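Engineer: Sharing a structure here in structure tokens format.
Any read-out appearing in this document is the output of simple, stated calculations on the displayed coordinates, not a laboratory observation. What you are looking at is a predicted structure, and each value in this text was computed from that prediction instead of being measured. We place every Cβ from the backbone using ideal geometry, glycine too, and count neighbours over all the protein chains shown.
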Amino acid sequence: MANVNDVLAAVQHQLHRAGIDSPTAEAAIIVSHVLEVTRGKLGVMRALGEDIAEDSAARIEQLARARATRVPLQHLTGETTFYGVDLKVEPGVFIPRVETEILVETTLQHFEGGTGQLKMLDLCTGSGAIAAALADQFTQRARATRTWAIDVDPDAVKLAQHNTRHYNVSVLCADATDTEAIVAADPTLADQLGSFDVVVSNPPYIPTATPVTQPEAEQDPHVALYGGSPDGLAVPQQIAAVAAEWLAPGGFFMMEHDHTHAAEIADALHKNPLWHQVETVQDLTGTQRFVSAVRA
Ligand SMILES: C[S@@+](CC[C@H](N)C(=O)[O-])C[C@H]1O[C@@H](n2cnc3c(N)ncnc32)[C@H](O)[C@@H]1O
């Protein structure tokens, strides 16, 4: 038997030495994951100085060792939470980032106080995080939703299908920059161009030459990171063009982008008569990370 406080302290120390930003929080996540208890229950176990079984302690040590080599925490636990929704996470599919929650928050604010069903499109859906979070939040606000979520990667599509299974979401495998390809994946969409209330996207946008600085991000697939051209703008620009095709007049568009693209993307939308109310939106660190606009 090993004391829970000693185990936690050892994991914290190991993660701290490995340069992990939040060793205390991550140690608690690893230990509560292995023990299959909530963090609240772990707090109680700590206060009581409880012991844990040898096999659990060994499993915790194994996960801590892997984390110290910078395997993403979410790959070790197989899960993450995005805007209050529990999601399955798998190697080979982009791990949803907390920064992207502002995209959900801003979209919800835009529709605050409204009524009626919302038809939504999530381009480059990855794990389905944005589609699931928006559907979940609108449901909590008593608004029905019908969503299509698109990704080009079959592994992402499979995962997004799982993560959005409780909501009214069709996940399609298609190139999100190609409207014809989207319609080919679901012919019922053929007569729905110009009828959507919401188009959201967190597309790949990193310029080709920009190295990934976080060791964990090296585990994200390249197709999820790099924006399809040396400046990283190709996919985001095509996504904006596709969004304009699907949105109804007055429909809301929001897209995450590289902070170096903020002025260029906002200028392009400002100059385009298809868009009104173009705004650059910051994330919680003050980084210019999103553009939002309303279809004219
Ligand atoms: C940055 S990840 C974002 C995933 C998810 N929206 C999120 O915020 O967690 C970008 C996603 O776009 C997908 N993708 C890249 N190019 C695409 C394209 N042309 N059409 C559809 N999906 C694409 C990748 O497979 C990846 O899942």
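Engineer: How about Lys158: which lysines have a C-alpha closer than 17 Å to its C-alpha, ignoring those fewer than 8 places off in the same chain?
Structural biologist: Those lysines meeting the cut-off are Lys88.
Engineer: So what is log10(I(q)/I(0)) for the range 1-154 at q = 0.15, 0.16 1/Å, when the Debye sum runs over its Cα atoms only?
Structural biologist: -0.85, -0.91
Engineer: Could you tell me what a quarter of the Cα convex hull surface of the range 159-268 works out to, in nm² with one decimal place?
Structural biologist: Spelled out: convex hull of the Cα atoms, projected over all directions, averaged, 8.1 nm².
Engineer: While we're looking at this one, here's another question. According to the square roots a ≥ b ≥ c of the eigenvalues of the Cα gyration tensor, what is the shape class of the range 52-95, taking rounded for a/c under 1.5, prolate for a/b larger than b/c otherwise, and oblate for the remainder?
Structural biologist: It is oblate, given that a/c is not under 1.5 and a/b is not larger than b/c.
Engineer: For helix 129-140, report the angle its Cα long axis makes with the longest principal axis of the Cα atoms of the chain; keep it between 0 and 90° and round to the nearest 10°.
Structural biologist: For helix 129-140, the angle is close to 80 degrees.
Engineer: Please turn the phi angles of the range 283-296 into ³J(HN,Hα) values with the Karplus equation 6.51 cos²θ - 1.76 cosθ + 1.60 (θ = phi - 60°), one per residue in order, whole Hz, x for glycine and proline.
Structural biologist: My calculation for the range 283-296 gives 8, 5, 8, x, 7, 6, 10, 9, 10, 10, 7, 10, 5, 5 Hz in order.
Engineer: What is the antiparallel percent of DSSP beta bridges lying wholly in the chain, to the nearest 5?
Structural biologist: 45
Engineer: Now for a separate question. What's the FRET efficiency of Glu36 with Lys158 using the Cβ-Cβ distance as r and R₀ = 22 Å, to the nearest 0.05?
Structural biologist: Computed FRET efficiency for Glu36 and Lys158: 0.30.
Engineer: If you don't mind, another one. Helix 23-35 against the longest principal axis of the chain: what's the angle in degrees, Cα atoms only, rounded to the nearest 10?
Structural biologist: 80
Engineer: Still on this model: Asp267 to Val223: FRET efficiency via 1/(1 + (r/R0)^6), r the Cβ-Cβ distance, R0 30 Å, to the nearest 0.05?
Structural biologist: In this case the efficiency is close to 0.65.
Engineer: Between Asn3 and Thr260, what's the calculated FRET efficiency when r is the beta-carbon distance and R0 is 45 Å? Round to 0.05.
Structural biologist: 0.35
Engineer: Whole percent per 5 Å bin, from 0 to the bin with the longest distance: what is P(r) over all C-alpha pairs of the range 77-143?
Structural biologist: Computed distribution, short to long bins: 3, 16, 29, 24, 15, 8, 3, 1.
Engineer: Take the alpha-carbon positions of the chain, form their convex hull, and give its projected area averaged over all directions (one quarter of the hull surface) in nm².
Structural biologist: The number I arrive at for the chain is 16.2 nm².
Engineer: According to the square roots a ≥ b ≥ c of the eigenvalues of the Cα gyration tensor, what is the shape class of the range 102-239, taking rounded for a/c under 1.5, prolate for a/b larger than b/c otherwise, and oblate for the remainder?
Structural biologist: Here the range 102-239 falls in the prolate category.
Engineer: With axes computed from alpha carbons, what is the tilt in degrees of helix 101-110 against the longest principal axis of the chain, rounded to the nearest 10 within 0 to 90?
Structural biologist: Roughly 40 degrees between the two axes.
Engineer: So for each of 252-258, 209-215, 157-163, 268-274 I average, over its residues, the number of other beta carbons within 10 Å; can you give me the resulting order with the highest mean first?
Structural biologist: Averaged packing, sorted descending, gives the order 252-258, 157-163, 268-274, 209-215.
Engineer: Quick one: the Cα spread of the range 2-69 along its three principal axes, in angstroms, biggest first?
Structural biologist: 30, 21, 18
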